[in-house]
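*Asks:* Starting off with a structure, shown below.
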Amino acid sequence: MSEVLKYRIGCPVWSCPHWRGSVYRRGAPRSDWLKAYSQIFPTVEGNSTFYGIPAAETFNRWAEETSHNFRFVLKFPRTISHEHQLENVAAETDAFLAGLSILHQANRLGPSFLQLSPWFDPSKFDRLKRYLLQLPVQFPYAVEVRHPGFFEPPVEDELNAFLSENAID
């Protein structure tokens, strides 16, 4: 019988030198850490993608080194979310989605999350909707709004309804 995990608990990184001797063998090289991590935890937050989009070879290696039930939860690059605030980011989005596609094909993709900057306010809500609606629906997504205006009615209700209607966490 196939194991179905309702919840996955992991860490924000897998590359932590302080875990030598516990998560990793004491003498394990860094190149073995992801594999060891994935045998203990079923998921990891991939914060590194916020700072830059890895090469296709890296996404392939991640898929190959992890266990069958492992899922990556990757953050959208900051060039998309913070620097350009979801405008004129087709090339960056396509590059990120190409990496997600590799993990999706390997059945290693969890929700990718779009963390918006604190200054991305409700006046840009329509921009957020347009951006999310152009993303491929076969990948799971989550959105993290940080501006306080998104937590006040009626904007909060509109945001929650939009995300729910589009199966976005």
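*Asks:* Add +1 for every Lys or Arg and -1 for every Asp or Glu among the other residues with Cβ under 13 Å from the Cβ of Asn47, and state the total.
*Replies:* 0
*Asks:* Taking 1 over the mean of 1/r across every pair of different Cα atoms in segment 35-76, what Kirkwood radius in Å do you get?
*Replies:* It works out to 10.7 Å.
*Asks:* Carbon and sulfur together cover what percent of the accessible area of the chain at a 1.4 Å probe radius?
*Replies:* 52 percent
*Asks:* Another question about this same structure. What accessible area per residue comes out for segment 12-113, rounded to a whole number of Å², with a 1.4 Å probe?
*Replies:* Ligands and nucleic acids excluded, the figure is 50 Å² per residue.
*Asks:* How large is the helix-only mean residue ellipticity at 222 nm for the chain, computed as the sum of -39500 (n - 2.57) over DSSP H runs with n ≥ 4, divided by its residue count, in deg cm²/dmol to the nearest 500?
*Replies:* -9500 deg cm²/dmol
*Asks:* Take every Cα pair under 8 Å in segment 94-149 that's 6+ residues apart, average their separations, divide by the length, and report that relative contact order as a whole percent.
*Replies:* Here the relative contact order equals 50 percent.
*Asks:* Which value in Å does the Kirkwood hydrodynamic radius of segment 3-77 take, with 1/r averaged over all unlike C-alpha pairs and then inverted?
*Replies:* About 13.0 Å for segment 3-77.
*Asks:* Any idea what % of Cα-Cα pairs in segment 73-169 are farther than 23 Å?
*Replies:* I get 21 percent for the Cα pairs in segment 73-169 exceeding 23 Å.
*Asks:* Here's a follow-up. Restricting to lysines 8 or more places apart or on different chains, can you count the pairs in the chain with Cα atoms under 26 Å from each other?
*Replies:* So the count works out to 5.
*Asks:* Based on the alpha carbon coordinates of the chain, what radius of gyration and maximum Cα-Cα distance (Dmax) apply, in Å?
*Replies:* My reading of the Cα-based Rg and Dmax gives 17.2, 55 Å.
*Asks:* OK, next. Under a Cβ-only charge scheme (Lys and Arg +1, Asp and Glu -1), can you give me the dipole magnitude of the chain about the Cα centre, in debye to the nearest 20?
*Replies:* 860 debye
*Asks:* Next up: Normalised by the number of residues in the chain, what is the relative contact order in percent for Cα pairs under 8 Å and 6+ residues apart?
*Replies:* 17 percent
The values are calculated or read from the model by the stated rules, or taken from the named source; none is laboratory data. Just so we're clear, the structure is a prediction, and the values are computed from it rather than from any experiment. Note: ideal-geometry Cβ built from the backbone for every residue, glycine included; neighbour counts use all protein chains shown. Remember, those area values only see protein heavy atoms, side chains included, never the ligands or the DNA or RNA. Shrake-Rupley method; radii C 1.70, N 1.55, O 1.52, S 1.80 Å.
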